[in-house]
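The values are calculated or read from the model by the stated rules, or taken from the named source; none is laboratory data. As the structure is a computational prediction, the values presented were derived from the model and not from experiment. Virtual Cβ from ideal backbone geometry, glycine too; neighbours counted across all protein chains shown.
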Amino acid sequence: MTIIGMLHHRLDPKTVIKSYAYAAVAKAEGIEFFYFTPRKVNFENRTINGKVLEDGQWQERVMPFPDVIYNAGSPEKLAVSKDIIDKLKKEIPFTTHSIGNKWNVMERLKEAKEFDKYIIPTEIVKNIDVFHSYIAHHKKIVFKPIDGRKGKGIYFIIKVGDNFEVKQNSDARMYSKPQLNALIQELLASGTYIMQPYIQSKMKSGQVYDFRLHVQKDGEGKWVVTTVYPRIAPHGSIIPNINNGGYTNYLDPFLEQEFQDEAYNIRRMLEHFSLSLARHLDDIQMTKFGEVIDEIGIDVGLDAQQRIWIYEVNWRPGCPPAFYLELDVVIHSIRYAKYLAENKQSLKKAKLKQKAKQVEPQMEPAEVKAKHEQSQPKPAEINVQAVEPLAKYVDKKFNIPIIAITGSAGKTTSKAFLGSILSKKWNVFESKDYWNTTEHTKKHAEEINESHQAVVLEYGMAYPGIITNHCSIIQPNISIVTNIGLAHVGNFDGDVRLVAKAKSELIQGMDQQGLLILNKDDENSKYLLTDQFKGTILTTGIKTDADYRAYDIQYKETGMSFKMKLQGQEIQMFIPILGEHHVYNALNAIAVADTLGFTPQEIKAGLHFKKPPRRLTVYNCRDHITVIDDTVHSHPQGVRAALNVLTNVAKKRRVAIIGQMRELGDLREEEYRKLGEYIAEQGIDLLITYGFRTEEIGAAAIAKGMKQAKIHHFTNKDQLHALLEKIVEPEDTILVKGASKTNMFETVKFLDETFKA
């Protein structure tokens with residue numbers, strides 16, 4: 001029988017409430033459990049005077065050394081017994097080890113680089129001058145103790161002219177500079193404080209919230225999500241912590257209320273982020289100290305662009321505020337402790353291997369510095385010709401760039417890339433994902449104000465005259481036409497030239513001295529009406545010698561890498577979204593940002609953008625099953641692009657689930673036939689079609705040589721899902737492609753939940 005010892009700094013287990021839960025769960029799991037403190041350890045006879053829970057009472061017992069130690073006490077208070085604890089560690093595995101205070105954790109993450117882009121810039125307050133320099137730059141800051149817990153001692157400070165508004169909990173008052181100096185000096189005398197720019201997550205009601213991500217290792221030693229839940233501050237307060245009057249809610253209803261269609265993807269993003277960060281911190285702990293951790297709580301927020309920010313990382317987080325979740329926490333802890341006990345030898349070998357790596361010869365500081373300097377890009381030469389036109393492409397009312405994007409595909413992603421880059425320096429008004437009707441443009445016209453330094457909009461079109469209407473509401477001075485395809489071609493008598501003519505309304509309606517970006521590789525863009533345009537035209541491309549050309553394009557695990565020449569130097573770029581077609585979207589944004597004077601480094605950083613929802617979103621399921629969600633729009637060009645992603649990323653079976661394409665008109669039969677032939681040529685292993693007349697795609701694939709047994713067709717989604725339960729195999733890569741109106745996202749959710757890791 002496995003024996004677990006709970007190590008704590010308190011003598012009496014009755015004062016450690018969770019000790020009861022751990023003892024009860026251990027008994028249910030068939031594990032012997034006892035509670036002890038360091039001074040009760042006898043190394044001579046390898047026994048511990050511990051306490052065992054029997055019939056609801058703690059009884060003293062002399063216990064043998066346990067197989068594993070669950071260390072639950074305060075590292076600071078256990079430090080007085082460091083010699084004893086170090087001696088125990090040499091003989092017995094500990095379930096976890098302290099990762100230090102919040103500052104130490106953030107410093108580790110910064111040093112390791114992988115997650116530094118999610119960290120809010122933080123600085124230790126060394127003196128009053130440092131404080132005032134910081135708030136003069138950021139205007140709104142959070143001021144809090146470096147070792148704070150439960151939301152205590154947090155101040156929100158805003159510079160208002162020569163005075164300062166100071167909020168603590170729900171209380172707010174104005175301070176003069178001398179008064180604030182006195183407060184800061186008093187606080188600094190009591191301990192170390194840090195300060196951060198204030199990044200706020202706000203609900204529709206105006207209340208502040210954040211998310212607690214609670215992750216643990218399970219009985220197989222793997223990281224799992226115990227829970228994710230929102231914490232909501234009371235009205236008027238800036239602190240959502242439960243101990244300060246905040247309250248919580250169930251995650252799914254909260255996300256559906258605040259984010260509607262994006263709710264599911266945000267939940268999965270939070271889960272994926274929590275597991276990735278936990279594994280990363282675990283790797284750092286093992287690399288630096290040869291130690292493991294088993295549980296962390298991560299507090300994060302989402303800004304207005306839904307970018308995720310790490311507020312804090314807590315080692316040994318408090319139990320979630322619901323009984324059944326507390327039980328989940330304890331079960332994971334006990335089962336992980338048992339896993340450690342049963343795998344002592346293999347884990348010890350891994351630890352020794354890691355230590356061996358640490359003692360390998362290291363470079364001298366001078367060598368490190370030289371290598372770092374060699375790896376840094378040379379300072380870019382200023383491209384005067386590219387920067388000079390900035391004054392030309394500005395709105396007459398606000399004196400800012402007004403950028404509009406249209407095209408048959410790639411509008412939303414081009415907009416997201418561009419908004420992300422420009423926001424590195426400017427306050428940008430960016431239309432929401434898929435808000436591209438004239439009604440949306442009217443709303444945007446009311447919302448744009450003098451605080452905005454650039455505007456990025458998406459102009460949608462299904463019929464002639466619509467883009468002219470967009471331009472009459474807000475006239476752009478910079479325009480992008482991504483491409484001309486078959487989206488909505490059924491509304492134009494099946495003639496792609498008429499689609500191009502309607503898209504040309506953007507060229508005709510924009511500032512005629514402005515900047516126009518076109519896709520040189522797109523064959524149908526030659527039908528755009530550019531003859532009368534008097535401004536500057538720049539081109540993007542991959543296959544042709546365009547003004548902004550990408551080359552050496554490669555698929556990576558989480559996106560695409562490519563190279564290009566920018567401002568006199570070759571730059572390696574990365575975008576966190578799969579598909580060569582998205583490289584074109586990135587090029588659109590790069591062309592505009594470069595012309596507006598952004599540096600290659602700013603552009604490169606901005607390409608790490610918030611991906612629009614349901615655009616080639618990857619879900620990693622159990623048994624290495626991968627689901628690719630591309631269920632916003634569907635037209636022949638987009639389906640081919642998504643299939644190219646499937647063939648490039650799949651390691652084994654390639655499964656394509658293709659939904660109905662709308663508004664193809666008389667071209668439907670021909671385009672379905674071409675698509676079926678393309679699927680057969682791509683070597684797709686399994687094709688499933690869904691919706692009216694989509695069986696024509698399968699018929700064309702069969703005629704091209706694909707075996708009939710590999711093709712299925714449905715008009716009933718429940719029957720489709722029943723088949724998937726039977727036929728999906730480990731290591732399958734499954735593409736789900738369809739328009740929003742066909743609700744193909746239901747199939748993504750079904751696959752993700754059925755085969756969830």
Inset, instruction - Please find, among 675, 664, the residue that is in contact with an Asp or Glu (Cβ under 6 Å, 6 or more places away or on another chain), modelled with pLDDT under 95 and farther than 27 Å from residue 576 by Cβ. - result: 664
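Residue by residue, here is whether (1) surrounded by 21 or more Cβ atoms within 10 Å (Cβ to Cβ); (2) of a type outside the set (Phe, Trp, Tyr); (3) closer than 30 Å to residue 558 by Cβ; (4) over 31 Å from the mean Cα position of the chain (by Cα) holds:
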site: 647; (1), (2), (3), (4): no, yes, yes, no
site: 657; (1), (2), (3), (4): yes, yes, yes, no
site: 673; (1), (2), (3), (4): no, yes, no, yes
site: 679; (1), (2), (3), (4): yes, yes, yes, yes
site: 692; (1), (2), (3), (4): no, no, no, yes
site: 699; (1), (2), (3), (4): no, yes, no, yes
site: 708; (1), (2), (3), (4): no, yes, no, yes
site: 717; (1), (2), (3), (4): no, yes, yes, no
Legend entry - Hits in the stretch 567-577 - residues which are free of Cβ contacts under 8 Å to residues at least 60 places away in the same chain and part of a strand (DSSP E or B): 570, 572, 573, 574
Inset, instruction - Kindly state which helices (runs of 4 or more DSSP H) lie completely within the stretch 360-450 and contain at least 1 residues that are surrounded by 11 or more Cβ atoms within 10 Å (Cβ to Cβ), more than 31 Å from the chain's Cα centre (by Cα) and modelled with pLDDT under 75. - result: 365-375, 384-387
Inset, instruction - Take the residues in the stretch 146-185 that are of a type outside the set (A, V, I, L, M, F, W, C) and in contact with a Lys or Arg (Cβ under 8 Å, 6 or more places away or on another chain), then tell me which one is modelled with the lowest pLDDT. - result: 148
Legend entry - Condition met for residue 292 (modelled with pLDDT of 85 or more and closer than 27 Å to residue 32 by Cβ): yes
Legend entry - The one condition in (1) of a type outside the set (Phe, Trp, Tyr); (2) assigned to a loop (DSSP other than H, G, I, E, B); (3) at pLDDT below 90 that residue 325 fails to fulfil: (2)
Inset, instruction - Can you give me the number of residues within the stretch 451-493 that are part of a strand (DSSP E or B) and either under 18 Å from residue 434 (Cβ atoms) or not hydroxyl-bearing (Ser, Thr, Tyr) (or both)? - result: 8
Inset, instruction - Please determine, by comparing only the residues of the stretch 309-330 that are touching a helix residue (DSSP H, G or I) at 6+ places or on another chain (Cβ under 6 Å) and of a type in the set (A, V, I, L, M), which one is farthest from residue 93 (Cα to Cα). - result: 310
Inset, instruction - Within the stretch 110-135, count every residue that is part of a loop (DSSP other than H, G, I, E, B) and either modelled with pLDDT under 85 or surrounded by 16 or more Cβ atoms within 10 Å (Cβ to Cβ) (or both). - result: 7
Inset, instruction - Being over 21 Å from residue 311 (Cβ atoms), touching a helix residue (DSSP H, G or I) at 6+ places or on another chain (Cβ under 7 Å) and surrounded by fewer than 20 Cβ atoms within 10 Å (Cβ to Cβ) is the filter here, so list the residues in the stretch 254-285 that pass it. - result: 256, 263
Inset, instruction - Test residue 30 against the stated conditions and say whether it is assigned to a loop (DSSP other than H, G, I, E, B) and on the phi > 0 side of the Ramachandran plot. - result: yes
Legend entry - Residues (of a type in the set (A, V, I, L, M, F, W, C), in a helix (DSSP H, G or I) and farther than 27 Å from residue 95 by Cβ) located in the stretch 252-303: 254, 255, 259, 263, 266, 269
Inset, instruction - For residues that are outside any helix (DSSP H, G or I) and closer than 19 Å to residue 334 by Cα, scanning just the stretch 3-24, find the one that is modelled with the lowest pLDDT. - result: 17
Legend entry - Filter pass, residue 604 being more than 25 Å from residue 637 (Cβ to Cβ), out of contact with any Pro (no Cβ under 9 Å at 6 or more places or on another chain), not in a helix (DSSP H, G or I) and not aromatic (Phe, Trp, Tyr): no
Inset, instruction - Sort through 717, 710, 674 and tell me the only one that's under 17 Å from residue 752 (Cα atoms) and either touching a Gly at 6+ places or on another chain (Cβ under 8 Å) or basic (Lys, Arg) (or both). - result: 717
Legend entry - Failed criterion for residue 222 (all others in (1) touching a Phe, Trp or Tyr at 6+ places or on another chain (Cβ under 7 Å); (2) among the charged types (D, E, K, R); (3) closer than 30 Å to residue 346 by Cα hold): (1)
Inset, instruction - Return only the number of the condition from (1) in contact with a helix residue (DSSP H, G or I) (Cβ under 8 Å, 6 or more places away or on another chain); (2) surrounded by fewer than 23 Cβ atoms within 10 Å (Cβ to Cβ) that residue 630 does not satisfy. - result: (2)
Inset, instruction - Look at residue 181 and say whether it is among the polar types (S, T, N, Q), at negative phi and touching a residue at least 24 places away in the same chain (Cβ under 8 Å). - result: yes
